[in-house]
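Structure first, commentary second.
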Ligand SMILES: [Fe+2]
């Protein structure tokens with residue numbers, strides 16, 4: 001857990017004093033509500049922020065319709081996201097809770113893997129509330145509300161997916177360091193960058209892919225090696241989060257992935 005906000009020196013907003021102040025306010029609000037209040041605060045977004053959200057959302061939506069998996073598309077529709085306005089996490093949390101008992105807590109930034117998996121084990125998904133800098137809508141060096149809401153939340157409207165995420169949390173919560181690395185790799189190659197076969201066609205379910213038009217176009221191109229998901233290979237393969245992903249894995253179904261996750265859970 002970060003005690004204070006530390007931004008990447010290459011962050012596009014690093015020289016924008018107004019942005020930094022806004023980001024600091026989200027850091028303070030998010031941390032306070034995550035640790036003390038236990039729910040996401042109501043946030044008033046500016047017209048400029050709504051416009052950035054709309055710009056990214058519309059570009060992503062066109063690609064989602066072509067490349068996202070069914071569970072994602074159905075979840076996105078049922079979550080009721082507005083294209084022109086940033087969503088309130090509290091509203092989304094209420095919807096997810098009614099569906100399959102998943103709650104959202106606000107996150108001030110990236111949490112430690114151990115903390116994050118602890119939340120998943122309780123059917124809680126931490127989500128950021130701040131938005132990337134408007135000068136480069138395609139890029140963010142840290143997870144933001146576009147990544148978390150448009151990437152991660154829609155499939156939680158599906159019972160199998162909600163259970164699968166909780167299983168990851170349960171499996172990882174008492175992991176030693178070596179095991180934690182395996183859970184992080186599994187999370188990376190499945191939840192962030194996973195592909196799924198639907199009617200013999202490769203579709204996307206990874207949040208890191210679905211929240212970036214660059215990654216989405218890249219992941220289905222011939223620059224990427226795509227292999228059938230193999231648990232042993234996945235947990236022994238390292239990755240570089242600073243680059244476009246050269247290697248991806250696809251699963252035949254979410255039930256298959258859930259069963260693979262169960263193999264890694266110690267009794
Ligand atoms: Fe993520």
> What whole-number value in cubic angstrom gives the convex hull volume per residue for the C-alpha atoms of the stretch 179-267?
Replying inline: 93 Å³
> To the nearest Å, what is the center-to-center distance of the stretch 5-61 and the stretch 226-241, using C-alpha atoms only?
Replying inline: 32 Å
> Cα-based Rg (one decimal) and Dmax (whole number) for the stretch 126-194, in Å?
Replying inline: 14.1, 41
> Where both residues lie in the chain, what percent of DSSP beta bridges are antiparallel, nearest 5?
Replying inline: 25 percent
>> Restricting to DSSP H runs of at least four residues, report the calculated mean residue ellipticity at 222 nm for the chain, -39500 (n - 2.57) per run over all residues, nearest 500 deg cm²/dmol.
In response: -13500 deg cm²/dmol
> What does the convex hull of the alpha-carbon atoms of the stretch 56-130 project to on average, in nm²?
Replying inline: 5.7 nm²
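Taking each pair of different alpha-carbon atoms in the chain once, compute 1/r for the pair, average those values, and report the inverse of that mean as the Kirkwood hydrodynamic radius in Å to one decimal.
On the way: mean 1/r = 0.0533 Å⁻¹.
It works out to 18.8 Å.
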> Separation between the residue 224 and residue 201 pseudo-spin-labels, each 7 Å from Cα along Cα→Cβ, expressed in nm?
Replying inline: 1.6 nm
>> For the pair residue 2/residue 90, report the inter-label distance in nm, with labels modelled 7 Å from Cα in the Cβ direction.
In response: 2.5 nm
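Computed from the coordinates by the stated procedures, all read-outs in this text should not be read as laboratory data. None of the values given here were measured: they were computed from a predicted structure. Quick reminder, even Gly has a Cβ in these numbers, built from the backbone with ideal geometry, and neighbours come from all protein chains shown.
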